[in-house]
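Asks: Dropping the structure in here first, questions after.
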Amino acid sequence: GRYFVKRVKDMNHDADFMIVFGGTNDYGRTNAPLGKMGDETEDTFYGAATLLFEELLKHYKKEQIIVISPLYREDEDQEFDVGKPYYRGSLPVIREVMKELCNKYGFDYFDIKDIVGKAEKNPLLTDGLHPNDKGHKLLANLIAGYIKLKLE
């Protein structure tokens, strides 16, 4: 699959709002290191997120961009490669980086994880991570409500 930066370049850019809802795959499925603020390479999480945010700003005003926190997942506290240069961190670390970058760029950070709830035995999730139909309906209502508030 194509990651966010590549997707943004190919998208139609006439949306009223851009919703960025990701980060969990960066934690659980890649081996890219966390990196540090100032990275501008797609090879670290900081760098890829920076490139994504810079690309979004070519097409949208910062007020149009909403970044949504990754949901809880059952294994989110596991840290990968602690003490190594390619340290990936835990999912809570990824969330903190996302908030830090949103603050830097002036983007809204909509933290929904506690609204959806912990992953273990959550009736809104199919597998401890992915929302089921009821979970998707809640997400849609949360996002729609957030956008309505922004429009007022």
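The values are calculated or read from the model by the stated rules, or taken from the named source; none is laboratory data. Because the structure is predicted, anything quoted here is derived from the model rather than measured. Neighbour counts are summed over all protein chains in view; Cβ atoms, including those assigned to glycine, are modelled from backbone coordinates with ideal geometry. Each accessible area value is taken on the protein alone, full model and side chains, heavy atoms only, with ligands, DNA and RNA left out. Shrake-Rupley method; radii C 1.70, N 1.55, O 1.52, S 1.80 Å.
Asks: Which numbered condition trips up K58, out of (1) without any contact (Cβ under 8 Å) to a residue 24 or more places away in the chain; (2) within 30 Å of T126 (Cα to Cα)?
Replies: Unmet condition: (2).
Asks: While we're looking at this one, here's another question. When residues of the stretch 85-95 are filtered for being in a loop (DSSP other than H, G, I, E, B) and of a type outside the set (K, R), how many remain?
Replies: The number of residues fulfilling the criteria is 4.
Asks: State all residues of the stretch 94-111 that are crowded, with 18+ Cβ neighbours inside 10 Å and either farther than 15 Å from A49 by Cα or of a type in the set (A, V, I, L, M, F, W, C) (or both); if no residue qualifies, say none.
Replies: Once the filter is applied, which keeps residues that are crowded, with 18+ Cβ neighbours inside 10 Å and either farther than 15 Å from A49 by Cα or of a type in the set (A, V, I, L, M, F, W, C) (or both), the stretch 94-111 yields I94, V97, M98, L101, C102, F107, F110.
Asks: Cβ-Cβ distance below 7 Å, separation of 6 or more or different chains: which pairs start in the stretch 64-93 with a residue that is under 10 Å from Y27 (Cβ atoms) and surrounded by 17 or more Cβ atoms within 10 Å (Cβ to Cβ) and end on one that is at pLDDT below 75 and of a type in the set (A, V, I, L, M, F, W, C)?
Replies: Note: pairs meeting the criteria are R88/F80.
Asks: Restricting attention to the stretch 59-71, and to residues there that are in contact with a helix residue (DSSP H, G or I) (Cβ under 9 Å, 6 or more places away or on another chain) and assigned to a loop (DSSP other than H, G, I, E, B), which single residue is farthest from S90 (Cα to Cα)?
Replies: Initial filter on the stretch 59-71 (in contact with a helix residue (DSSP H, G or I) (Cβ under 9 Å, 6 or more places away or on another chain)): 59, 62-71.
Of the ones still in play, those that are also assigned to a loop (DSSP other than H, G, I, E, B) are 59, 69-71.
Details: H59: 31, S69: 14, P70: 12, L71: 13 Å.
This residue is H59.
Rundown of residues vs (1) of a type in the set (D, E); (2) in a loop (DSSP other than H, G, I, E, B); (3) at pLDDT 95 or above, yes/no style:
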| residue | (1), (2), (3) |
| --- | --- |
| G83 | no, yes, no |
| V97 | no, no, no |
| L101 | no, no, yes |
| E120 | yes, yes, no |
| P123 | no, yes, yes |
| G128 | no, yes, no |
| K134 | no, no, yes |
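Asks: Another question, then. Hey, among the residues in the stretch 22-42 that are at pLDDT 85 or above and open to solvent by 80 Å² or more (accessible area, probe 1.4 Å), which one's nearest to V93 (Cα to Cα)?
Replies: The selected residue is K36.
Asks: Six or more apart or on different chains, Cβ under 6 Å: which pairs go from a residue in the stretch 118-136 that's closer than 20 Å to L91 by Cα to one that's at pLDDT below 95 and of a type in the set (K, R)? Could you list them?
Replies: From the stretch 118-136, the pairs are A119/R73; L129/R73.
Asks: Also, quick follow-up: Only one of Y46, Y109 is aromatic (F, W, Y), within 25 Å of H13 (Cβ to Cβ), outside any loop (DSSP other than H, G, I, E, B) and at pLDDT 95 or above. Can you tell me which?
Replies: Y109
Asks: Which numbered condition in (1) within 19 Å of the chain's Cα centre (by Cα); (2) closer than 19 Å to D39 by Cβ; (3) loosely packed, with under 14 Cβ neighbours inside 10 Å is the only one that D114 fails?
Replies: Unmet for D114, out of (1) within 19 Å of the chain's Cα centre (by Cα); (2) closer than 19 Å to D39 by Cβ; (3) loosely packed, with under 14 Cβ neighbours inside 10 Å: (2).
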